[in-house]
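Novice: Dropping the structure in here first, questions after.
The values are calculated or read from the model by the stated rules, or taken from the named source; none is laboratory data. What you see is a predicted model; the values in this text were computed from it and never measured. FYI the Cβ positions are ideal-geometry reconstructions off the backbone, even for glycines, and counts take in every protein chain you see.
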Amino acid sequence: MPLSHRYLSKLDVLDRCLPGIEIIEYLETVMTKENSKDSVSSASEKSYKGLSTLCVHAGEARQKPGNAITDAIFCTSTYTFADTQEAIDFVAEKRPREEYSRYGNPSEKVAESKLAALEGGQSALLFSSGMAAVAALLQAKLAAGDEIILVDECYHRTRQFCREHLGKFGVVTKLVPAGDYDILESAITPQTKILFTESPTNPHLSVLDLDRLVEIAHKHDVETVVDATLATPYNVRPLEYGVDYVMHSATKYLSGHNDVLSGVIISSTDKLEPVRKLRGVTGAVCAPNNIYLLQRGLKTFELRMQRHNENGMAVAEFLSRHPRVEKVLYPGLPSHPYHDVAKKTMCGFGGLVTFYIKDVDWRKTADVVDAVSIPRIGPSLGGVESIIEQPIVMSYHDFTIEQRRAVGIADNMIRLSCGIENPQDLVDDLDHALKETQ
Ligand SMILES: *Cc1c(COP(=O)(O)O)cnc(C)c1O
């Protein structure tokens, strides 16, 4: 029996966790008997088998420049031709190669192939940031008179980009509440071109039912975009549900080390073609050194995600039992409003935990933030270092009380991005902070 078949026959959740066919072939070429046995016996019941092999090897040539084991970085703005004939052949598309770095870089292609493999997609496009990816995708796909429907818990800069910037060019943005599929469907008109959501959302961690989202979109011939930054391809792979485009702020879990900005969109090559062309015009490309950091981060992606998931769960369970905590939002807890959808669709629940301190104002809540000693205070998430923030102080500081209420940002709310530290150390640190500030 071929290796991949033995390997796949062990899967409990075949339909959700099957890698794409190219990936199966790929696995067959890169995996030895021994390491296949190891990963089958050690993997959790629900997981994308073989992911770490892809993290390490996918997209990379076996033999590289200088015979190095790692990929080279090409710090170049342009590429040269040996003679005029080579240039003529290139423009006549006889010879695929690089020309100018706004259109492509060899490292970019390696990272894109790796990211496409991790999502089970055909192609990926890399950008200088997550927001550059959002902007390029929506600008390439929408025109004056079109409508886009956004789930209202989407990243505030995505909402701002759609309303303020796309609005100037005649694109209409409609916001619908997360998890209400009737309102979502009734918002669709013949002008609607795109349904855009995150899953899980931030900081409420609402999990979308991607089967329902795609069913509604297909019925009305609308394309779907999922910003899966918080989910990551370790926990959910939206393309397997029929979602058209998956995007990530690769700044977060994919790079994973709080040291670089980057963004990516994964889809079919055809659907991405206009976006690729626009990127070549506007130039929000990821710099070679940043691609190197992303590539390096991706090598340990599966290992990091296992610990992020473990830490998120440990911290959420601890906080949910703590007398000073009013409530905890974490999709892995049975108390979470979207726990059933999360259980059905996710392989793990991520490192982000949102919680509310009982009976205190914003200042006493800030005292808890100030009393922890492991998580650093700051925006962002998904890196090896834990980061804590109070949304009213950080991401929503410029909102009025009414605006904050409308988007469900409470004064006593804290968002913790669990890094990869020891789970007991994180729990002990929070325990100490909650006691000390009582
Ligand atoms: C951070 C983030 C973005 C923006 O990404 P940048 O890399 O900071 O531009 C978009 N969506 C989500 C869900 C994010 O967390």
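Novice: Just name the residue that is farthest from the ligand (Cβ to nearest atom) out of those in segment 132-153 that are more than 13 Å from Leu166 (Cβ to Cβ) and at pLDDT 95 or above.
Specialist: If we take residues in segment 132-153 being more than 13 Å from Leu166 (Cβ to Cβ) and at pLDDT 95 or above, then Val151 is farthest from the ligand (Cβ to nearest atom).
Novice: Pull up segment 233-261, narrow it to residues that are under 19 Å from Ser206 (Cβ atoms) and in a loop (DSSP other than H, G, I, E, B), then point me to the one that is nearest to the ligand (Cβ to nearest atom).
Specialist: Lys252
Novice: Another question about this same structure. Counting only residues that are of a type in the set (A, V, I, L, M, F, W, C) and within 13 Å of the ligand (Cβ to nearest atom), which one in segment 262-288 is surrounded by the most Cβ atoms within 10 Å (Cβ to Cβ)?
Specialist: Out of the qualifying residues, it is Ile265.
Novice: Further question on the same structure: Test Leu205 against the criterion of being on the phi > 0 side of the Ramachandran plot, assigned by TED's automatic domain parsing to the domain that holds Gly283 and within 16 Å of the ligand (Cβ to nearest atom), and give yes or no.
Specialist: Yes: the conditions hold for Leu205.
Novice: Which of the numbered conditions does Ala111 fail, given that it passes all the others? Conditions: (1) of a type outside the set (Ser, Thr, Tyr); (2) in contact with a Gly (Cβ under 9 Å, 6 or more places away or on another chain); (3) away from the ligand (no atom under 16 Å from the Cβ).
Specialist: Evaluating Ala111 over (1) of a type outside the set (Ser, Thr, Tyr); (2) in contact with a Gly (Cβ under 9 Å, 6 or more places away or on another chain); (3) away from the ligand (no atom under 16 Å from the Cβ) leaves (3) as the failure.
Novice: Being surrounded by 17 or more Cβ atoms within 10 Å (Cβ to Cβ) and either more than 16 Å from the ligand (Cβ to nearest atom) or within 19 Å of His432 (Cα to Cα) (or both): is that true of Val368 here?
Specialist: yes
Novice: Out of curiosity, is Arg304 part of a helix (DSSP H, G or I) and either of a type in the set (Val, Ile, Thr) or touching a Gly at 6+ places or on another chain (Cβ under 9 Å) (or both)?
Specialist: So Arg304 fits the description; yes.
Residue-by-condition table, conditions (1) touching an Asp or Glu at 6+ places or on another chain (Cβ under 9 Å); (2) under 21 Å from Arg102 (Cβ atoms); (3) of a type in the set (Ser, Thr, Tyr):
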position: Glu223; (1), (2), (3): yes, no, no
position: Gly242; (1), (2), (3): yes, no, no
position: Gly256; (1), (2), (3): no, no, no
position: Ile265; (1), (2), (3): no, yes, no
position: Glu302; (1), (2), (3): no, no, no
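Novice: Across segment 378-403, what is the total count of residues that are β-branched (Val, Ile, Thr), farther than 19 Å from Val360 by Cβ and either in a loop (DSSP other than H, G, I, E, B) or away from the ligand (no atom under 16 Å from the Cβ) (or both)?
Specialist: Adding up the residues that qualify gives 2.
Here is a yes/no grid of residues against (1) buried (at least 21 other Cβ atoms within 10 Å of the Cβ); (2) among the β-branched types (Val, Ile, Thr):
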residue	(1), (2)
Ile73	no, yes
Asp83	no, no
Met131	no, no
Leu138	yes, no
Glu147	no, no
Leu150	yes, no
Arg157	no, no
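Novice: Suppose we filter segment 198-217 for residues that are in contact with a helix residue (DSSP H, G or I) (Cβ under 7 Å, 6 or more places away or on another chain) and surrounded by fewer than 22 Cβ atoms within 10 Å (Cβ to Cβ); how many remain?
Specialist: Looking only at that region, the number is 5.
Novice: For Thr300, only one of the following conditions fails: (1) crowded, with 21+ Cβ neighbours inside 10 Å; (2) of a type in the set (S, T, N, Q); (3) within 16 Å of the chain's Cα centre (by Cα). What is its number?
Specialist: Of everything listed in (1) crowded, with 21+ Cβ neighbours inside 10 Å; (2) of a type in the set (S, T, N, Q); (3) within 16 Å of the chain's Cα centre (by Cα), Thr300 misses just condition (1).
Novice: Which residues, taken from segment 404-437, are more than 30 Å from Leu298 (Cα to Cα), aliphatic (A, V, I, L, M) and part of a helix (DSSP H, G or I)?
Specialist: Within segment 404-437, Ala406, Ala433, Leu434 qualify.
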